[in-house]
Each structure stands twice: as structure tokens, then as C-alpha cells.
Amino acid sequence: MASYRVLIVDDQRDVRRALRAAIESLKADIQVVDVPSGEEALLEVAGQEVDLLVADVRLAGISGLELLEKLRRKKPDLKAILVTGLLDASIRQQVADAGASAFFIKPIAMADFLDAVERCLGLVNAAPLEAALPETQDESLSDYLTSLRQQLEAISAVLLNEHGRVLARAGDLPDASVESALFPALMAAFSAARRVAHLLQQSPPNDLMYFNGPKYGIFLAHVGEVYALVVAVNPYRDREQLHQHMSLLYSRLDGLVSILRQLGVPLIASEHAADQDETTETLDEEEVESEPELEALLEQGASVDVDDVDAFWDTAATQINTEGVGGADALTYEQAVQLGLAPETDDEEEAD
């Protein structure tokens with residue numbers, strides 16, 4: 001039996017696999033079990049207790065916080081590491097109240113996560129993990145977005161990750177159903193802007209885009225390399241007001257970056273994302289280089305008259321009618337009947 005047992009609970013399979021692989025890389029005597037829901041976690045623990053719980057705060061059924069509360073009724077000293085993809089001051093406070101040993105915001109910094117695991121299991125002798133919890137800042141992320149929204153008299157201010165998932169927000173669009181189509185389109189522009197910045201050797205991207213509409217306009221800006229700020233505003237009366245708000249929004253981006261850094265959130269694109277950008281750029285370059293060759297081939301091609309095409313098919317049809325569809329070795333229908341290779345007709349059946 002293993003010396004330690006760790007239970008990972010997350011509804012994202014890729015996250016569970018990554019965390020499991022990271023823990024198993026410690027080369028310690030640890031048994032790692034992963035499940036996608038809090039309900040399955042309760043069943044797993046019913047058979048055998050665990051020494052460490054690693055759970056997402058938000059799950060489809062029982063939340064990570066509720067799961068921790070239930071498990072601690074049987075094992076009060078259970079260690080727990082909670083993770084989330086939402087940057088919200090209220091969630092941080094709930095995690096702190098729950099007494100979690102550590103709290104991480106996705107994407108998770110694996111080095112820090114493994115350090116937290118080792119400390120929770122007592123694999124290293126060090127100070128308690130209280131410092132691993134993000135400290136409550138005077139101005140939280142939600143407060144910052146709310147303040148920004150008020151200054152711009154905006155409809156909403158939303159922070160998205162590079163996959164288009166909402167991490168924090170202040171306010172909603174007039175038609176919430178538009179978000180499902182709008183955010184992916186904005187993230188396509190976001191990715192394109194990052195590629196342009198990469199080509200210009202600008203890191204992190206330093207951009208601010210504005211999309212005008214009859215009902216409202218949209219500001220889109222990079223926050224670091226992997227986060228997007230989306231601000232919906234009422235239509236502007238004149239260009240002067242637009243320029244004023246652009247300057248104000250641009251000046252507030254640094255403050256947003258500072259808050260994310262204080263939360264310990266990675267602001268640099270992962271190697272995988274960078275590789276994707278480079279691959280896409282390489283493909284685009286190859287496509288551009290091949291276009292002249294394609295044009296040359298097309299120019300060499302001879303034009304074909306429609307009448308010539310019709311004549312070709314008329315000739316082919318005539319050959320089929322005169323030569324037949326068979327060759328010298330083909331059987332006639334009568335020969336096929338005699339050999340029993342064709343069904344008999346009604347007249348033949350009556351004759352029999």
C-alpha cells in the first residue's frame with residue numbers, strides 16, 4: 001500500500017491528467033486517483049481515505065468547497081489544494097474561509113503546485129503554506145473592472161483567458177445570447193493581434209482595438225500575452241469622446257496587469273501556444289510563396305471551347321452505342337440465360 005493517497009477532482013480531463021502526471025513525477029510513494037465530479041469523489045473516499053484533496057472550486061454537481069466540507073466531517077485534518085479558472089475576490093475569500101492549504105488559479109504553475117503538494121504531504125520540512133494563498137488586495141480584480149466600467153460609463157467589462165472563457169466581469173451585454181458568438185470572434189482577432197505583435201517583436205502585445213456598432217461598441221485589448229479585456233460601451237457621439245476613452249482605457253491596462261501579477265497569474269503565453277503561432281505563420285508564408293507558382297501553372301493552361309467539350313461527349317456516346325459496353329469476351333443476354341446467370345422472364349417460366 002502506498003504511503004500517501006491523493007485524490008484529484010476536476011471536470012476537465014486534460015487538467016486531471018496534467019496534475020496527475022505532475023504528482024507522479026515526484027517519484028514518491030504516492031497513489032494518485034482522479035475523478036471528474038464531487039459525487040464520484042465521495043464514493044472513492046468511502047472505500048479508502050485520502051491524505052490530500054486537489055479539487056476545482058466549481059464543479060457541475062457538488063462544488064469543490066462543498067466536497068471539502070463533507071470530507072472534513074470524517075477527517076478534520078484533511079489537507080486540500082483548491083484550483084479555479086475564475087479570478088474573483090469572493091471565491092478567494094471562500095477558499096480562505098474553508099481553510100485550504102493552497103489555492104491556484106488556472107493555468108496552474110506546476111512548480112508551485114508540486115511544492116504545495118510536497119508540503120501538504122510532509123515530504124519537505126518547511127513553513128506552513130499560508131503564504132501560498134493569494135493575499136487579499138485593497139482592490140480586487142472585480143473591483144477594478146467595476147471601477148473601469150464606471151469611468152468609461154461602459155455597459156460591461158469582461159476579462160477572458162486565451163480560450164475565451166470568462167474569468168471575471170462587471171456588467172452584462174444587453175443581449176446575453178450574443179456572447180456565445182461574439183467572444184469566439186473577438187478571440188480570433190485577439191490571436192491575430194498576438195501574431196502581429198510577435199512578427200513585430202513586441203512582447204507582450206501592446207494593442208487596443210475598437211469595433212463600432214449601432215447599439216454598442218467593443219474595445220479589445222491584450223492584458224499580458226494570454227488575457228483579453230473586452231469592454232462594451234455605448235455608441236460615441238463624436239471622435240473626441242472616443243479618443244478620450246481610448247486613452248483612459250490604455251492607461252488602466254497596467255493596473256490590471258499588476259493585479260494579475262499579485263494574484264500569481266502567469267501572463268506569458270505557454271510554449272504550446274507560441275508553437276501554434278509559429279506554425280501558423282510558417283504555413284501562411286508557404287501559402288504566399290506557392291501562389292506565384294500556381295498562377296504560372298494556370299497561365300500555361302490552354303483555354304477550352306465549350307463546343308469542343310460538347311463534341312467530345314457526343315463522340316464518346318456514339319462509340320458506346322456502336323461498340324457496346326462489352327468487349328470480345330462479353331456474354332450476350334441470351335448466353336447468360338442459357339448458363340443460368342440471368343433471371344428467367346415470365347414467358348420462360350410459363351413455358352416451363
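Okay, here's what the table says:
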{"read-out": "Those residues of the stretch 15-31 which are in contact with an Asp or Glu (Cβ under 9 Å, 6 or more places away or on another chain), surrounded by fewer than 18 Cβ atoms within 10 Å (Cβ to Cβ) and part of a helix (DSSP H, G or I), in sequence order", "value": "Arg17, Arg20"}
{"read-out": "The one condition in (1) over 25 Å from the mean Cα position of the chain (by Cα); (2) over 20 Å from Arg119 (Cα atoms) that Lys75 fails to fulfil", "value": "(2)"}
{"read-out": "Any hit, the stretch 136-154, residues being among the hydroxyl-bearing types (Ser, Thr, Tyr), modelled with pLDDT under 80 and closer than 30 Å to Val50 by Cβ", "value": "yes"}
{"read-out": "Positions within the stretch 37-94 being over 22 Å from Tyr4 (Cβ atoms) and assigned to a loop (DSSP other than H, G, I, E, B), in sequence order", "value": "Ser37, Val57, Arg58, Leu59, Ala60, Gly61, Ile62, Ser63, Gly85, Leu86, Leu87, Asp88"}
{"read-out": "Some residue of the stretch 180-203 being polar (S, T, N, Q) and under 30 Å from Gln93 (Cα atoms)", "value": "yes"}
{"read-out": "Scan of the stretch 211-254 for residues that are within 14 Å of Ile155 (Cα to Cα) and of a type in the set (Ser, Thr, Tyr), ordered by number", "value": "Tyr216, Tyr236"}
{"read-out": "All positions within the stretch 192-226 that are within 14 Å of Gly164 (Cα to Cα) and at pLDDT below 90", "value": "Glu225, Val226"}
{"read-out": "Filter pass, Tyr250 being in contact with a strand residue (DSSP E or B) (Cβ under 7 Å, 6 or more places away or on another chain), over 17 Å from Leu167 (Cα atoms) and either exposed (fewer than 12 other Cβ atoms within 10 Å of the Cβ) or modelled with pLDDT of 85 or more (or both)", "value": "yes"}
{"read-out": "Yes/no for Ala60 being surrounded by fewer than 17 Cβ atoms within 10 Å (Cβ to Cβ), under 28 Å from the mean Cα position of the chain (by Cα), touching a residue at least 40 places away in the same chain (Cβ under 8 Å) and closer than 26 Å to Asp143 by Cα", "value": "no"}
{"read-out": "Any pair with Cβ under 7 angstrom, 6 or more apart, that starts in the stretch 1-19 at a residue that is more than 24 Å from Gly122 (Cβ to Cβ) and ends at one that is of a type in the set (S, T, N, Q)", "value": "Asp11/Ser37"}
{"read-out": "The stretch 79-123, subset more than 25 Å from the chain's Cα centre (by Cα), of a type in the set (Asp, Glu) and closer than 19 Å to Glu24 by Cα, residue surrounded by the fewest Cβ atoms within 10 Å (Cβ to Cβ)", "value": "Glu118"}
{"read-out": "Selected residue (only one of Val158, Val178 is modelled with pLDDT of 75 or more and part of a strand (DSSP E or B))", "value": "Val158"}
{"read-out": "Leu182 within 21 Å of Ile268 (Cβ to Cβ) and out of contact with any Lys or Arg (no Cβ under 8 Å at 6 or more places or on another chain)", "value": "no"}
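Residue-by-condition table, conditions (1) at negative phi; (2) in contact with a strand residue (DSSP E or B) (Cβ under 6 Å, 6 or more places away or on another chain); (3) among the aliphatic types (A, V, I, L, M):
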{"site": "Pro184", "(1), (2), (3)": "yes, no, no"}
{"site": "Met187", "(1), (2), (3)": "yes, no, yes"}
{"site": "Gln201", "(1), (2), (3)": "no, no, no"}
{"site": "Leu208", "(1), (2), (3)": "yes, yes, yes"}
{"site": "Phe211", "(1), (2), (3)": "yes, yes, no"}
{"site": "Pro214", "(1), (2), (3)": "yes, no, no"}
{"site": "Gly217", "(1), (2), (3)": "yes, yes, no"}
{"site": "Val230", "(1), (2), (3)": "yes, yes, yes"}
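The values are calculated or read from the model by the stated rules, or taken from the named source; none is laboratory data. Predicted model, so just to flag it, every value in this text is computed and none were measured. Glycine gets a Cβ as well: all are built from the backbone with ideal geometry, and neighbour counts include every protein chain shown.
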